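Everything on this sheet refers to the single structure shown next.
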Amino acid sequence: MVRALIIGGGIAGPVTALALRKAGIDSVVFEAYPTGADDIGAFLTIMHNGLDALRAIDVEHVVVDHSFAADGVDVYDGAGVLVSENRWGNGVTGPRTLRRADLYRALHDELRAQGIAVEHGKRLVGVEGGVRAVFEDGSTAEGDLLVGADGLHSATRRIIDPQAPRPRYTGLNIFYGYAEGLEPTTPPGRYHMIAGSQGFFGHSTAPDGTTWWFARTPGPERHGGTPEDHRAHAAAFFADDTSPALEIIRAEGEIHASNAYDVPTTPVWHTDRVVLVGDAAHAASPAAGQGASMALEDSVTLARCLRDRAEPRQAFEVYERLRRERVEALVGMSAGLGANRSVSTNSFYAHHIEWGDPVQL
Ligand SMILES: Cc1cc2nc3c(=O)[nH]c(=O)nc-3n(C[C@H](O)[C@H](O)[C@H](O)COP(=O)(O)OP(=O)(O)OC[C@H]3O[C@@H](n4cnc5c(N)ncnc54)[C@H](O)[C@@H]3O)c2cc1C
């Protein structure tokens, strides 16, 4: 039986393992960290297309059971004027918001339930022959193929192409927070977004009454800093606007800071035995809220290709042809959104994967 080595236990890695299992292919997941990746405190929204991909392999519950509905967005300008209203779904199959840590946990619980092994503390540093993974601790693992699901700063990407582009800083700092002690700041399941005069802000009310919020603000990369530093820095961008942003940022509660990067194009997606999925292949800035959903589509599509083609190389070629154009368009669109250009994201949501259909070009 074919054995796949999957590098990365974030989102694409576990979902590739689950999809391969459904395709009759064994795998082991190797994760560098004892738990998950960076940005563990942040939250994310899985859109219709991401849920559709999970549904194709019968694991939609990993998101639905740990999330709340995000079925509409109202956009305001910095003067408090309603600019647009977007209604998405019925709250179950439509977008869902959840903490990244909860998603990682639910995915790993599902791996365990399906008997798929995960090895922690295994940081990939090399790939030899066809195919042996070499880890930082000196250990190795052998398989028939290797899937690089190791995220934005993918080692696999650089191993298969030392000239591969490095992640590009988009010029935006990202802040995430959970504000406590406020009256509900939105109707249930609704996001309010504020295209402010100096920054972009979004918030929604979780079922427990906490306001989950994020802010995107322009500036150089920021590293380190205390929660108070983050709060003061983010707040300054919304001080001149008429919006609830300032009060929400200043409220009690967790705050996290990070920077937004993207990888617009990765020339080499695969070799004969090694292939990239998710952020390792194409990373979008967070503006479109689609990076994870695209990773989920990749994972399920790759598994269908491996199911339907005799040789890994043939499967990887079909996979790349099915995926590259769509994901690169998404990265470009997200970069446009980050730069506050008006771009429609709706066309990306309708994607559907029919698991039982043979893959076709
Ligand atoms: C602030 C922020 C907000 C976002 N919000 C959204 C959102 O709302 N909706 C959305 O769809 N997307 C969002 N995204 C994008 C989304 O998080 C990514 O697209 C998604 O996590 C990609 O999944 P992945 O599995 O490819 O990578 P990751 O989730 O990054 O997982 C990669 C895994 O590989 C591991 N790893 C790394 N290197 C190695 C190695 N050498 N060996 C072994 N393991 C390794 C890491 O520890 C990690 O666990 C956001 C991103 C950011 C930064």
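Residues in region 87-101 that are in contact (Cβ under 8 Å) with a residue 24 or more places away in the chain and not in a loop (DSSP other than H, G, I, E, B): 6 in all. Reported count of residues in region 251-296, each being within 7 Å of the ligand (Cβ to nearest atom), over 9 Å from the mean Cα position of the chain (by Cα) and within 13 Å of Arg157 (Cα to Cα), is 2.
In region 1-75, counting only helices (runs of 4 or more DSSP H) that sit wholly within it, the ones holding 2 or more residues that are within 11 Å of the ligand (Cβ to nearest atom) and touching a helix residue (DSSP H, G or I) at 6+ places or on another chain (Cβ under 6 Å) span 12-22, 48-56.
Here are Ile116, Ile160, Ile194: which of them is over 23 Å from Leu18 (Cα atoms) and in the same structural domain as His282 (by TED's automatic domain parsing)?
Of the residues listed, the single one that is over 23 Å from Leu18 (Cα atoms) and in the same structural domain as His282 (by TED's automatic domain parsing) is Ile160.
For region 228-235, the criterion of being closer than 22 Å to Pro95 by Cβ, of a type in the set (A, V, I, L, M) and crowded, with 21+ Cβ neighbours inside 10 Å is met by none of the residues. The set of residues in region 110-151 being crowded, with 19+ Cβ neighbours inside 10 Å, assigned to a loop (DSSP other than H, G, I, E, B) and within 11 Å of the ligand (Cβ to nearest atom) consists of Lys122, Ala149, Asp150, Gly151. Report whether or not Ala101 is at pLDDT below 95, surrounded by 14 or more Cβ atoms within 10 Å (Cβ to Cβ) and small (Gly, Ala, Ser). Spelling it out, Ala101 is indeed at pLDDT below 95, surrounded by 14 or more Cβ atoms within 10 Å (Cβ to Cβ) and small (Gly, Ala, Ser). Looking only at residues of region 302-330 that are within 15 Å of the ligand (Cβ to nearest atom) and in contact (Cβ under 8 Å) with a residue 60 or more places away in the chain, we find that the one that is surrounded by the most Cβ atoms within 10 Å (Cβ to Cβ) is Leu302. Right, Ala70: more than 30 Å from Arg132 (Cβ to Cβ), modelled with pLDDT under 95, surrounded by 18 or more Cβ atoms within 10 Å (Cβ to Cβ) and of a type in the set (A, V, I, L, M) or not? Yes; evaluated as a whole, the condition is true for this residue.
The values are calculated or read from the model by the stated rules, or taken from the named source; none is laboratory data. As the structure is a prediction and not an experimental result, all values here were calculated from the model. Because the Cβ atoms are built from the backbone with ideal geometry, glycine has one as well, and the counts that use them run over all protein chains shown.
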